[in-house]
Amino acid sequence: MNFSLNFPFSAIVGQEQLRQALMLCAVDPGIGGVLIRGDKGTAKSTAARALAEVLPPIELVAGCAFNCTLQAPCEHCEVCRQSDRVTTLSPVPFVTLPLGATEDRVLGSLDLSRALNGGHKAFQPGLLASAHRGLLYIDEVNLLADHLVDVLLDVAAMGVNRVQREGLSVSHPARFTLVGTMNLEEGDLRPQLLDRFGLMVEVTAPREKAVRAEVVRRRIGFEADPASYVATWRAQQDALQATLATAQALLPQVKLDDALLDLISHLCCELEVASLRADIVMYKTARAIAALAGRIQVTPQDVRGAAELVLPHRRRRKPFEQPGLDQDKLDELMRQAEQDSPPQQAPADGEGSDQQPQDGGQSGAEQQSQDSEQSNVEQDEQVFAAAAGGQTARISVEAQSAPGAAGRRSMAQQSPRGHVLRAVPNEQPTSIAIGATLRSAALHATDGGVQVTRADLHQQVRVGTSASLILFVVDASGSMAAQRRMEALKGAVLNLLTDAYQQRDEVAVVAFRGQRAELLLAPTRSVDLAEQGLRELPTGGRTPLPHALQLALETLQRAGANGSGNPPLLVLLTDGKGNVPINEGADPWRESVAMAELLAGRRTPALVIDTENGYLRLGRAAQLAQALGAECLTLEELSADSLALTVRARLA
């Protein structure tokens with residue numbers, strides 16, 4: 001059985017928006033790629049991998065490692081400079097970027113074999129060179145290490161990979177379509193990288209029984225005999241490939257008039273999108289939609305279709321507002337635009353339509369160097385708009401940084417564990433970087449062979465994570481201040497989560513009211529999951545403080561068993577007046593103190609926020625803090641910002 005075959009793109013059931021987004025990037029690679037976001041088992045990876053099979057082939061020189069265009073070969077490509085070079089039609093490159101890849105593997109490095117054999121300094125291309133004029137696919141892109149995210153941001157901005165290391169100075173084109181998949185349960189994507197994805201699609205499993213049954217039927221048929229199954233879909237695949245090739249050829253002729261350009265900017269402003277890249281990508285996407293439909297004139301419906309793919313992940317959101325576009329507002333804006341603009345004459349080459357294309361795929365990097373109008377727009381992509389006021393302040397939870405990682409707690413660069421970031425010269429390394437050491441020695445090789453000296457030794461620099469779990473335990477019982485506490489908690493959690501991806505921090509929430517405590521939010525780095533879990537925080541009832549501390553202890557024990565990085569931080573918001581025991585007939589206060597002492601025995605860092613108010617104060621929260629071995633603070637004016645800042649200071 002041949003498991004190297006991919007499931008046919010044409011055989012994917014449903015997921016029309018996902019298929020359309022991938023096809024649009026095939027028509028115009030300058031759109032910038034697709035982020036596919038959704039639950040597990042929703043064909044995210046299947047669709048991305050299947051795309052490569054329907055991309056129209058491109059012309060390459062046989063043996064070229066840089067995927068050069070014939071008109072402008074890379075100056076470092078020895079194959080393309082040969083007079084007897086042989087050109088061939090080749091499938092569009094589809095390169096997978098592993099989450100654990102090193103910088104050398106991604107960027108490229110010294111060709112060690114050539115250096116050892118003849119002392120010749122030559123460049124060994126990395127994954128970015130292999131992906132040029134093709135697709136770069138990253139599964140679970142939100143888990144990609146920060147040092148690789150930084151590399152991608154730089155190359156995606158310039159379209160050029162520059163390597164300066166080990167005596168080499170190399171630059172080569174690296175324009176690719178970025179396709180990433182992610183599951184929100186694993187955390188969010190860094191905002192800078194999120195904006196680099198031209199389009200974003202939310203995918204969910206179908207709810208109709210017939211559709212789900214057909215998905216299973218086709219998948220089982222494919223797994224039983226992949227080769228035969230792919231052969232049965234060959235006609236549809238070939239037709240789809242021809243459709244994409246036709247759309248690529250038509251794209252330079254597609255026109256988008258100034259009235260529709262004004263509409264694009266109007267939608268971006270009214271829907272509160274800060275990034276100017278949104279306007280540029282909407283322009284490109286609307287043209288690609290028209291080309292895919294076989295038209296040379298963009299219609300308002302093309303602009304609307306582009307907005308649904310371009311704007312959801314760029315729209316500025318208020319705290320605890322659901323992601324995505326407000327469809328009612330988009331409808332209203334489109335109606336206003338129709339009323340304010342004069343009627344348009346129907347395009348001669350086809351009627352305006354919002355119908356979905358039937359099949360799809362990707363390729364056509366030849367367009368990148370031909371369309372001067374598109375090139376001018378790409379230059380404008382360097383412009384960024386500062387986020388306007390009115391957003392919840394972003395709180396970065398910082399602690400002491402490792403050497404070389406100033407200001408970024410997540411980068412523990414001298415960690416004995418984690419991904420290898422790079423190698424640096426070190427005559428007394430604690431962990432030898434063998435490849436870098438040999439490459440250094442090879443640069444000085446003589447006819448007598450390669451000799452490794454102490455000056456050639458290199459140290460491995462690893463990048464690990466030093467994440468923290470911040471566990472909020474909040475009194476949601478029926479006191480007058482409960483609602484105020486909960487609102488402050490919501491804002492604080494959102495503040496802490498906004499930058500949690502970079503820090504790899506997690507936040508969890510335990511609320512207690514009535515007869516029991518409840519884990520409202522399991523440990524997560526996802527802002528969206530936090531919004532869903534905290535949107536309706538209940539208040540009222542009695543105060544089961546002992547059970548809340550017991551549940552906090554269990555939650556921290558589970559987190560410790562999962563091997564998280566730094567010690568967790570327990571943040572307890574309470575007045576200390578528990579009145580519901582764990583064991584019937586027991587004293588709730590004694591149980592609370594006992595649970596606090598158990599937490600203290602685990603050496604759990606803690607912070608107690610005393611919410612008791614009024615003239616008569618019992619000071620129970622301070623006593624509880626003493627049992628926890630924790631600091632106790634009184635916040636007379638409890639707010640989201642003050643709570644988040646207090647937590648940040650405590651962690652630091």
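As an exercise, use a Förster radius of 35 Å and the Cβ-Cβ distance of Asp150 and Gln17 to find the FRET efficiency, rounded to the nearest 0.05.
Values: r = 30 Å, r/R0 = 0.87.
According to the calculation, E is roughly 0.70.
Take the range 79-213, compute every pairwise Cα distance, and split them into 10 Å bins from 0; I just need the percent in each bin.
10, 34, 29, 16, 7, 3, 0
Give me the net charge for the shell around Pro544: Cβ to Cβ below 12 angstrom, other residues only, Lys and Arg +1, Asp and Glu -1.
Values: positive: Arg513, Arg516, Arg542, Lys577; negative: Asp475, Glu518, Glu591.
Local net charge: +1.
Rounded, prolate or oblate: pick one for the range 204-245, where a ≥ b ≥ c are the square roots of the eigenvalues of its C-alpha gyration tensor, a/c under 1.5 means rounded, and failing that, prolate if a/b is larger than b/c, else oblate.
Oblate, since a/c reaches 1.5 and b/c is not below a/b.
Using label points projected 7 Å from each Cα along Cα→Cβ, tell me how many nm separate Val211 and Lys329, to one decimal.
For Val211 paired with Lys329, the spin-label model returns 2.6 nm.
Ranked from highest to lowest mean number of other Cβ atoms within 10 Å per residue, what is the order of the peptides 39-48, 208-217?
Numbers: 39-48: 18.8, 208-217: 11.9.
For the peptides 39-48, 208-217, the packing ranking is 39-48, 208-217.
Modelled label-to-label distance, Asp257 and Asp84, 7 Å Cα→beta-carbon offset: nm?
5.8 nm
Starting with the highest mean, order 167-180, 74-87 by the number of other Cβ atoms within 10 Å, averaged over the residues of each peptide.
Numbers: 167-180: 22.1, 74-87: 14.1.
With the highest mean Cβ count within 10 Å placed first, the list reads 167-180, 74-87.
Considering just Cα atoms, how many Å³ per residue does the convex hull of the range 1-104 enclose?
172 Å³
So, by mean Cβ neighbours within 10 angstrom, what's the order for 568-575, 55-62, 599-606 with the highest one leading?
Numbers: 568-575: 25.0, 55-62: 18.5, 599-606: 16.4.
Those peptides, ordered most packed to least, come out 568-575, 55-62, 599-606.
Which residues in the range 69-93 place their backbone N less than 15 Å from a point set 7 Å from the Cα of Ala62 along the Cα-to-Cβ direction?
Once the point is set 7 Å along Cα→Cβ of Ala62, 79-80, 82-91 turn out to lie under 15 Å by backbone N, inside the range 69-93.
Return the Rg/Rh ratio of the range 209-312 with Cα-based radii and a Kirkwood Rh. Intermediate results must be reported in sequence, preceding the final value.
Values: Rg = 18.8 Å, Rh = 16.2 Å.
Here the Rg-to-Rh quotient is 1.16.
Name the residues whose placed amide hydrogens come within less than 5 Å of the amide hydrogen of Val203, ignoring near sequence neighbours (fewer than 5 apart) on the same chain.
Arg37, Gly38, Asp39
For Gln192 and Glu597 in the same chain, what is the full-extension length gain: residue separation times 0.36 nm, less their Cα-Cα distance, in nm? Let's see the in-between values first.
Details: separation 405, 0.36 × 405 = 145.80 nm, distance 4.37 nm.
Full extension from Gln192 to Glu597 adds 141.4 nm.
Cα convex hull of the range 1-62: how many Å³ per residue? Can you show the working numbers first?
Numbers: hull volume 7.6 nm³, N = 62.
Cα-based convex hull of the range 1-62, divided per residue, equals 123 Å³.
How would Arg558, Arg295 line up by accessible area, probe 1.4 Å, largest first?
Details: Arg558 120, Arg295 5 Å².
The ordering from most to least exposed comes out as Arg558, Arg295.
Can you tell me the alpha carbon radius of gyration of the range 157-216 divided by the globular rule-of-thumb value 2.2 N^0.38 Å?
Working: Rg = 19.2 Å, N = 60, 2.2 N^0.38 = 10.4 Å.
The reported ratio for this selection is 1.84.
Given a Förster distance of 45 Å, report the FRET efficiency between Met158 and Leu618 from their Cβ-Cβ distance, rounded to the nearest 0.05.
On the way: r = 63 Å, r/R0 = 1.40.
For Met158 and Leu618, the calculated efficiency is 0.10.
The values are calculated or read from the model by the stated rules, or taken from the named source; none is laboratory data. All values reported here derive from a predicted model rather than from experimental measurement. Positions of Cβ are generated from backbone atoms using ideal geometry, with glycine treated the same way; all protein chains shown enter the neighbour counts. Only protein heavy atoms, including side chains, enter the accessible area calculation; ligands, DNA and RNA are left aside. Shrake-Rupley method; radii C 1.70, N 1.55, O 1.52, S 1.80 Å.
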